[in-house]
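Working notes, structure below.
The values are calculated or read from the model by the stated rules, or taken from the named source; none is laboratory data. None of the values given here were measured: they were computed from a predicted structure. Methodologically, a virtual Cβ is constructed for each residue, glycine included, from the backbone with ideal geometry; neighbour enumeration extends over all protein chains shown. Just the protein is used for accessible areas: all its heavy atoms, side chains included, with ligands, DNA and RNA removed. Shrake-Rupley method; radii C 1.70, N 1.55, O 1.52, S 1.80 Å.
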Amino acid sequence: MKKSEQGKTLIAAKAAGLVAWAAVMVFAGVAFRQHRAWKEPVVLGPGVTAVRSLHEWFAPLKGTENDCNVYVLDSGLPGSTILVLGGTHPEEPATNLAAELLVENAKPTSGKLLVAIHTNRSASTVTRPGEAYPQFYSIKTAWGQKKYRMGDRSANPLDSWPDPETYVHYPSGQMLAYMDIRNINRTWPGRPNGLLCERTSYGFMQMIRKEKVDLVIDYHEAELEYPVIGTIVAHQKAQEVAAMVSMDLSASQFRIGMEVSPRTLHGLTHREIGDFSDATALLFESPEPFLDRVRGATNEALLLTGVDEFVQRAGKAGLLYWPIDEKGWPIEVRVGRHIATTSKVFEVWNLLYPEKPIAVDGLPGYGDLAAKGVGAYFADPASVAKDRVAFE
Amino acid sequence: MRSIRILDRAARAGNPPAIAVALAFIAAFALCAAAGAQQNALPKGLPELKGPILITACGQSPGGVYVKVVCRQVKLEADLEETATVQTLGARAYKTLIVITGTSLKGMGSAGVELSDEIKRCTELVKKAKASGVKVIVAQVEGASRRVDESDEQSIRSMTPLADLLITHNQANKDGYFTKTAAEKKIPQIFIDQQLDLVKIFPQIFSK
Ligand SMILES: [Zn+2]
């Protein structure tokens with residue numbers, strides 16, 4: 001082969017490589033774009049009196065990815081104001097689904113509910129391709145499939161970048177892992193001039209103070225290999241509420257434990273909201289086998305059914321902190337635990353603080369939800385007036 | 001659920017204090033639960049127990065909060081002190097000390113306490129109690145979820161043999177450790193299946 005021929009072959013090979021690379025980039029780019037741009041419709045239920053934006057409490061959030069919707073469900077009667085946070089970690093889908101179920105179904109008859117479905121919305125616009133996370137998941141309803149973005153634990157680097165070498169939590173000065181600056185459950189109480197999640201937490205704190213929120217409930221899910229699971233984590237101001245709810249639910253519906261928030265662990269809702277406002281805070285954890293490191297195929301089926309033979313085997317070997325059998329942990333049971341725990345918190349709250357009641361109609365019981373599925377509680381966006389649909 | 005509505009109305013009328021109403025609610029619930037559950041057998045040779053009670057947890061587990069809520073409900077005077085010391089015990093005429101075993105610190109980092117300090121604190125507390133005629137109950141009320149690691153084990157094994165009475169969650173006794181210790185040390189023992197069982201047990205074992 002002559003030298004010039006060799007050169008031509010090399011150029012052709014390089015060109016082919018470039019074309020292949022460009023094709024992959026276009027394919028991936030389109031997929032990422034579709035995921036980030038996907039809008040989840042939410043039908044405003046009978047209790048919703050307004051849909052506001054987080055920037056209304058902290059203007060600099062306007063136009064950012066984390067300027068999330070805040071649904072107001074106001075009974076118009078005096079009582080407690082309770083803020084519910086879904087989607088703190090968008091890789092925990094029972095959290096945004098439970099929050100959405102509240103928005104579509106809850107009707108307060110005293111007091112007021114504030115609900116964020118995607119507390120860290122930026123984190124719901126990125127997933128984890130390196131761990132084979134599905135981009136989307138769908139919930140079956142009577143009127144068709146309802147499609148959702150599967151998210152990650154931390155905000156999208158497109159919205160918050162670069163991360164610091166070490167994340168020094170404000171104001172405690174505690175050193176945390178660098179990527180935790182994009183994990184909104186490590187950035188409370190936030191600061192106005194920080195990075196995106198610090199500013200988002202700060203916006204929520206402003207809301208909590210201005211709206212005189214009495215209690216914040218933060219929904220989560222956890223892997224069965226993690227010891228904080230199937231439990232309520234309480235700021236010490238709410239420890240008796242948590243103990244009563246835990247005792248009652250464990251005796252009557254399902255086992256749920258209780259932990260008191262460690263005083264020296266910073267950045268979390270159950271610590272900082274209680275310390276930096278008049279509100280108190282509870283965090284609920286439900287079991288999500290999808291998050292376990294020992295899981296098998298990482299797909300939508302596992303996300304929604306929670307059935308996994310490898311996680312089961314880990315359970316048999318005594319490696320888990322929570323039981324699992326061949327029935328797994330289906331999404332309707334996980335959402336059911338959050339909704340039933342929320343209802344029980346309201347009940348106990350009213351008994352402890354009868355002068356500031358919260359009463360909410362329209363929420364399904366644990367048994368009903370587990371039997372009918374989550375989709376049974378989501379209305380068809382096409383069946384209602386346009387101004388009764390919001391988008392996430 | 002009917003009972004709750006009645007209690008609700010009573011609360012709004014402003015008669016009983018909120019906490020009493022709340023606790024009455026749990027009592028009503030416990031009665032329902034107890035109807036179906038097996039009786040928690042009371043052992044022979046129970047110590048004579050009275051309030052007021054000092055509750056503390058060796059390892060900062062939340063078990064003490066459950067016990068405090070139960071005490072309020074059955075109208076037993078009780079103080080929960082996270083860091084109770086010999087001085088705390090002397091500050092009031094306590095008749096019973098309840099030490100809760102099992103630790104916090106599960107995946108949430110340090111609670112800011114060293115377990116060895118906790119064991120030292122509680123051992124001294126028990127010693128002082130025994131010297132002053134205060135009865136000591138050592139209780140594991142959270143079952144298997146509070147017996148998962150070495151720190152739970154240390155908390156349990158250092159406190160359990162010191163008790164005048166053991167209250168143990170059945171799910172914590174899978175290896176028979178509590179039964180064996182009770183037999184060896186001749187400590188009377190009560191088993192529970194859930195924390196709500198204490199609502200009916202306490203009135204039987206404490207005299208007013
Ligand atoms: Zn989480």
Original post:
Which residues' amide hydrogens lie under 5 Å from the amide hydrogen of B:ALA78, considering only partners 5 or more residues apart or on another chain, with H built in the peptide plane?
Top reply: B:ILE53
Original post:
Quick one: Karplus J couplings for the stretch A:17-28, per residue in order, coefficients 6.51, -1.76, 1.60, θ = phi - 60°, nearest Hz, x for Gly and Pro?
Top reply: x, 4, 4, 4, 4, 4, 4, 5, 4, 5, 4, 5
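Highest mean first, how do B:149-157, A:94-102 rank when packing is the count of other Cβ atoms within 10 Å averaged over residues?
Most protected by this proxy first, the peptides run A:94-102, B:149-157.
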Original post:
Using modelled amide H (1.01 Å from N, peptide plane; none on Pro or chain starts), what sits under 5 Å from the amide H of A:VAL84, excluding residues fewer than 5 places away?
Top reply: A:LEU114, A:VAL115, A:ALA116, A:ILE217
Original post:
Expressed as cubic angstrom per residue, what is the convex hull volume of the alpha carbon set of the protein assembly as shown?
Top reply: 194 Å³
Original post:
Taking every residue in B:53-62, how many Cβ atoms of other protein chains lie within 10 Å of its Cβ, on average?
Top reply: 2
**OP:** Give the Kirkwood hydrodynamic radius (Å, one decimal) of the stretch B:41-205, defined as one over the mean of 1/r across all pairs of different Cα atoms.
**Re:** 15.5 Å
**OP:** Rank by packing, highest mean first: peptides A:353-363, B:195-205, with packing defined as the count of other Cβ atoms within 10 Å averaged across residues.
**Re:** B:195-205, A:353-363
Original post:
Of the cross-linked pairs A:LYS316/B:LYS185; B:LYS130/B:LYS186; B:LYS44/B:LYS130, which ones have a Cα-Cα span greater than 23 Å in the structure shown?
Top reply: A:LYS316/B:LYS185
Original post:
Pulled fully out, how much extra length does the chain show between A:GLU309 and A:SER53, if you take 0.36 nm times their separation in residues and subtract their Cα-Cα distance?
Top reply: 87.9 nm
Subject >> Nonlocal amide H pairs with A:VAL307, under 5 Å, H built at 1.01 Å >> reply: A:TRP329
**OP:** Please list, or write none, the aspartates and glutamates whose alpha carbon is within less than 16 Å of the alpha carbon of B:LYS68, excluding same-chain residues fewer than 8 places away.
**Re:** A:GLU240, A:ASP248, A:GLU259, B:GLU77, B:ASP79, B:GLU81, B:GLU82, B:GLU142, B:ASP197
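If you average 1/r across every pair of different Cα atoms in the stretch A:38-391 and take the reciprocal, what Kirkwood value do you get, in Å?
So the Kirkwood estimate lands at 20.2 Å.
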**OP:** Using only atoms on other chains, find how many Cβ atoms lie within 10 Å of each Cβ of peptide A:162-175 and report the average.
**Re:** 0
Subject >> Set of the stretch A:298-341 residues, backbone N closer than 19 Å to the point 7 Å along the Cα-Cβ line of A:ALA31 >> reply: A:298-303
Original post:
What share of Cα pairs, in percent, lie more than 19 angstrom apart in the stretch A:320-392?
Top reply: 56 percent
Original post:
Counting only protein heavy atoms and using a 1.4 Å probe, what share of the accessible area of the stretch A:38-391 belongs to carbon plus sulfur, as a whole percent?
Top reply: 53 percent
Original post:
Per residue of A:371-380, how many C-beta atoms from partner chains lie within 10 Å of its own C-beta, taken as a mean?
Top reply: 0
Original post:
In nm, to one decimal, how far is the A:ALA142 label point from the B:ALA41 one, both placed 7 Å along Cα→Cβ?
Top reply: 5.3 nm
